[in-house]
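Enquirer: Dropping a structure here in structure tokens format, bear with me for questions.
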Amino acid sequence: MITRWVQKKGHDRLLIFFNGWGMDGGIADYLQSNTPAGFGSDVLLCYDYRSTALPADVPDTVARYGERTLVAWSLGVWAACEAGLEGIDKALAINGTLRPVSSEEGIPPGIFRATLDNYDEENRNRFMRRMCGDPSLFRRFLDFAPERSASEQKEELASILQDVMQGSTAAVSSWSYTHALIGGRDMIFPPGSQGFAWQGIKRKLVKGMAHFPFFTFSNWQEVCACMEE
């Protein structure tokens, strides 16, 4: 796993963002650029789940904060629970579940496998258009789309599938998601499966939101506000 500080100003609060599969720092930089200057939290980005292990120094660094909030999107929802973090106070899952390869609670296995088997440059663009849900939003997304090769993204997706099929450690994680946002127009993780997966926690259906949620919630402050409702 790769981590990077998006904001580190010595705040007592930490926001940890687990990005989606295949992404890099572009989305986090976009969210940071739209965030008011007074946002009183350091921000740590996590991505690239070819390994779900955090760098060795990260857990101790996270533990020094007085308040730790976690936000995860898409397959990052699963990856966050595999990372071995402790002491998370609040956690928001956006358009993802703890069982990402599942007919009941995630992406149907056949569709997940077909995405992996057929993934190349052409199908990457097709996937991202579905992710954004609208041609005009896809064009906006291209301004900060990941600068990673399709072959590297395919390798990451294969690693995720292998880890998921070998069994998740999420059941023994020391923390749990407290809130979930579900996009009503999500064409990657079916909204009904997300709703079923998140029974028992505070969840909100955002009817017009596609799988990519960061045009609906475009900065860290707006994202974190979803955990105050």
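Enquirer: Can you name the number of the only condition in (1) polar (S, T, N, Q); (2) free of Cβ contacts under 8 Å to residues at least 40 places away in the same chain; (3) in contact with a Ser or Thr (Cβ under 6 Å, 6 or more places away or on another chain) that ASN125 fails?
Expert: Every listed condition holds for ASN125 apart from (3).
Enquirer: How many residues are part of a loop (DSSP other than H, G, I, E, B) and polar (S, T, N, Q) if we restrict to the stretch 82-135?
Expert: 5
Enquirer: Scan (1) assigned to a helix (DSSP H, G or I); (2) under 19 Å from PHE214 (Cβ atoms); (3) among the charged types (D, E, K, R) for the single condition GLU152 breaks and write down its number.
Expert: Looking at each condition in turn, GLU152 falls short on (2).
Enquirer: Select, from SER174, SER193, SER136, the only residue that is out of contact with any Ser or Thr (no Cβ under 6 Å at 6 or more places or on another chain) and within 20 Å of THR115 (Cβ to Cβ).
Expert: Unique residue meeting the criteria: SER193.
Enquirer: Do you know which residues across the stretch 165-200 are among the β-branched types (Val, Ile, Thr) and modelled with pLDDT of 95 or more?
Expert: Selection gives THR178, ILE182, ILE188.
Enquirer: Something else now. Got a sec? Which of LEU181, LEU137, LEU142 is farther than 30 Å from GLU228 by Cα and of a type outside the set (Asp, Glu)?
Expert: On the way: LEU181 fails: farther than 30 Å from GLU228 by Cα; LEU137 fails: farther than 30 Å from GLU228 by Cα.
Sole residue among the options that is farther than 30 Å from GLU228 by Cα and of a type outside the set (Asp, Glu): LEU142.
Enquirer: Considering only residues that are under 23 Å from MET1 (Cβ atoms) and modelled with pLDDT under 95, which ones fall in the stretch 86-123?
Expert: GLU86, GLY87
Enquirer: Looking only at the stretch 164-223, how many residues end up being among the basic types (Lys, Arg) and either more than 22 Å from ASP134 (Cβ to Cβ) or touching a residue at least 40 places away in the same chain (Cβ under 8 Å) (or both)?
Expert: 3
Enquirer: Is it the case that the stretch 155-173 has a residue that's outside any helix (DSSP H, G or I) and farther than 30 Å from ALA63 by Cβ?
Expert: No, every residue in the stretch 155-173 fails to be outside any helix (DSSP H, G or I) and farther than 30 Å from ALA63 by Cβ.
The values are calculated or read from the model by the stated rules, or taken from the named source; none is laboratory data. Predicted model, so just to flag it, every value in this text is computed and none were measured. Using ideal geometry, Cβ is built from the backbone for each residue, glycine included, and neighbour counts are taken over all protein chains shown.
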